[in-house]
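Enquirer: The structure is given below, and queries will be raised subsequently.
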Amino acid sequence: MMRHWKWIAAVLLLCLVGGGAYLTVQAKAKRDSRQITAVYPRAKESFVGDPMPFYDQGKFSIYYLEDLRNGEVGFHPFSLLTTQDFYHYTNAGQVIPYVNQEDSPERALGTGSVIKDQAGRYHAFYTAHNDTLSPKEAIMHATSNDGQKWTKQPKDTFKASANYQANDFRDPYVFYNTSAKEYWMLIATRNAATGVIARYTSKDLKQWQDQGVFFTNDMNNDSTLECPSVVQFKGRWYLAFSDQFDRRVVHYRVADKLTSTFKAPQHGQDYVDGAGFYAGRLVTDNQHLYLVGWIPTKEEHSDRLKYNWAGNLAVHELIPHGDTLVPQVPQAAAKQITNQQAALTDKRTKLPIASTARSVTLTLPASKNKKLILSVGDTNHIVVDQRAGKMAYYNTALTDIARSNPMTETTYQAAADGKIKIITEDDIIVVYAGNQAFSNRIYEAKKTPLTMQLQ
């Protein structure tokens, strides 16, 4: 009988130990589900819109407007991805919710920014947006002790002063001006029928005073200058904003001092990517400069239809050359992925389908008469045209390109060494050529190999 009970005890102990191991495995699996390994990440159930990157103590916290597409009355909560190398991400999920009511000012959250004050407390400033209200936009405030659990501070809400259009008053970007010993807030708005970036100041991050226009649209159009950001890097100040109406690209301006006039670079373009990359915000760790935006999905997830709002997070590392910024894939991420070389000929070279990130380096011939054709199937073609000085993406037959309009395009100036780098991951293809990046989404790439050919 004693032996029998010993046997039962042993079985129970084994079950407890085994059960504990099972629970440990389950808990680990749950934790691991928060981990995303990708150059262009997103949560499985949603899409990334308007990133708001914040660097703190060796880690990039990338807050963003999460596009759930779930049919609720409210939309676009603040959600959070964190990373140290732009390849391994932790998905913290939703951190600041919208209010799911038709008459709430916070029916939708709009772009903002995060900052840590001198005492170590975190502050998020964001846009409250509701098209049914007048005015439909306001600037709101939330605070946190850890950057993840936030408390809204509705009493700090403010709306546009009389100098600006109240229905276009959004995308606050806050930073501490060490020279002035005060906080500055840049806001995308409109004045005198054109886009401007307004400047507000504060000593306590609660009360804000309008200090007038910081920057006025200088692009010979009347576009709103969305998602502004400004950072100092290696002795210069860089201002970035997104062109809402015209080319739909992220522009930048340069100044030697924060109080100087920000001007477009004298050499090269004032943007680093085409319309397949949007809402880029600048962020630096004081060693590197990054532009953090998103690559959009397409309507009905069809290659033949237009780009729409939100998609996958995308990051360019920016290298200063004089007053020009040259993009490249973040080197911290490039070290993590497969890197290979490929030879170019007049015949098609096929690259196998790869769902994980891959970098392919090519060298264009010295002749300026050659075009590089990157094809996915019969109707998706990225053309790097040396003679025309542009890169363009077409959704048409190769024989019809000459009489077709591209879905997206950007300028291109060949690098001295002729090197071109292509980053592929799932249905995203990003080309780095010369002083430009060219981001595109091609759904066909999930099932059809990419081919390369000189023409």
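Enquirer: How far apart, in nm, are two points set 7 Å out from the Cα along the Cα-to-Cβ line at Arg403 and at Ser367?
Expert: For the pair Arg403/Ser367, the computed spacing is 2.7 nm.
Enquirer: Same structure, new question: So how much slack lies between Lys257 and His88, counting 0.36 nm per residue of separation and subtracting their Cα-Cα distance, in nm? Numbers along the way, then the final one.
Expert: Values: separation 169, 0.36 × 169 = 60.84 nm, distance 3.51 nm.
Taking Lys257 through His88 to full extension adds about 57.3 nm, to one decimal.
Enquirer: Something else about it: Can you pull the semi-axes for region 306-455, root of five times each eigenvalue of the Cα gyration tensor, sorted largest first, whole Å? Intermediate values should be presented prior to the final figure.
Expert: Working: eigenvalues 87, 73, 54 Å².
So the equivalent ellipsoid measures 21, 19, 16 Å along its semi-axes.
Enquirer: So if we plug the beta-carbon distance of Thr356 and Thr451 into 1/(1 + (r/R0)^6) with R0 = 22 Å, what FRET efficiency do we get, rounded to 0.05?
Expert: The value I calculate is 0.70.
Enquirer: Please list, in order along region 160-173, the HN-Hα scalar couplings obtained from phi with the Karplus expression 6.51 cos²θ - 1.76 cosθ + 1.60 (θ = phi - 60°), rounded to whole Hz, x for Gly and Pro.
Expert: 5, 6, 5, 6, 10, 6, 5, 7, 10, 8, 7, 6, x, 10
Enquirer: Give me the dipole magnitude in Debye, nearest 20, for region 151-198 about the Cα centre, with unit charges on the beta carbon: positive for Lys and Arg, negative for Asp and Glu.
Expert: In debye, rounded to 20, region 151-198 gives about 120.
Enquirer: Quick one: what are the phi-derived ³J(HN,Hα) couplings along region 258-264, Karplus 6.51/-1.76/1.60 with θ = phi - 60°, whole Hz, x for glycine and proline?
Expert: For region 258-264, the Karplus curve yields 5, 8, 7, 6, 7, 10, 5 Hz.
Enquirer: Kindly rank 361-367, 442-448 from highest to lowest mean number of other beta carbons found within 10 Å of each residue.
Expert: 442-448, 361-367
Enquirer: Calculate, for the chain, the solvent-accessible area per residue in square angstrom, rolling a 1.4 angstrom probe over the heavy atoms of the protein chains.
Expert: 46
Enquirer: Oh, and also: First select every other residue whose beta carbon is under 13 angstrom from the beta carbon of Val249; then total the charges, Lys and Arg +1, Asp and Glu -1.
Expert: -4
Enquirer: Give the share of C-alpha pairs in each 5 angstrom bin for region 125-238, from 0 to the last occupied bin, in whole percents, shortest bins first.
Expert: 2, 11, 20, 24, 20, 14, 7, 2, 1
Enquirer: Could you order the peptides 121-128, 396-403, 65-72 from most to least packed, using the average number of other C-beta atoms within 10 Å per residue?
Expert: Final packing ranking: 121-128, 65-72, 396-403.
Enquirer: Could you work out Rg/(2.2 N^0.38 Å) for region 38-112, with Rg from alpha carbons only? Numbers along the way, then the final one.
Expert: Numbers: Rg = 12.9 Å, N = 75, 2.2 N^0.38 = 11.3 Å.
Relative to the rule-of-thumb radius for its length, region 38-112 sits at 1.14.
Enquirer: Using alpha carbon coordinates only, what is the Rg to Rh ratio of the chain, with Rh defined as the Kirkwood radius?
Expert: Rounded to two decimals, Rg over Rh is 1.04.
Enquirer: Could you give me D for region 189-236, from Stokes-Einstein at 10 °C and 1.306 mPa s, where the hydrodynamic radius is the Kirkwood radius over C-alpha pairs? Units µm² s⁻¹, please.
Expert: Estimated diffusion coefficient is 128 µm²/s.
Enquirer: Please give the calculated 222 nm ellipticity per residue for the chain, where each DSSP H segment of at least 4 residues contributes -39500 (n - 2.57) and the sum is spread over every residue; nearest 500 deg cm²/dmol?
Expert: Value at 222 nm, helices only, nearest 500: -2500 deg cm²/dmol.
Enquirer: Quick check: residue separation of Lys116 and Asn308 times 0.36 nm, minus the Cα distance between them. What number comes out in nm?
Expert: Gain in length upon complete extension: 65.8 nm.
Enquirer: Another one. Kirkwood-based Rg over Rh for region 169-303 (C-alpha set), two decimals?
Expert: 0.98
Enquirer: Rounded to whole Hz and in sequence order, give me ³J(HN,Hα) for region 98-110 from the Karplus expression 6.51 cos²θ - 1.76 cosθ + 1.60, θ = phi - 60°, writing x for Gly and Pro.
Expert: Computed from phi, the couplings for region 98-110 are 7, 9, 7, 9, 4, 9, 7, x, 9, 4, 10, 8, x Hz.
The values are calculated or read from the model by the stated rules, or taken from the named source; none is laboratory data. Everything numeric here is computed off the predicted structure, so don't read it as measured data. Glycine gets a Cβ as well: all are built from the backbone with ideal geometry, and neighbour counts include every protein chain shown. Just so you know, the surface numbers come from the protein's heavy atoms only, side chains and all, with ligands and any DNA or RNA stripped out. Shrake-Rupley method; radii C 1.70, N 1.55, O 1.52, S 1.80 Å.
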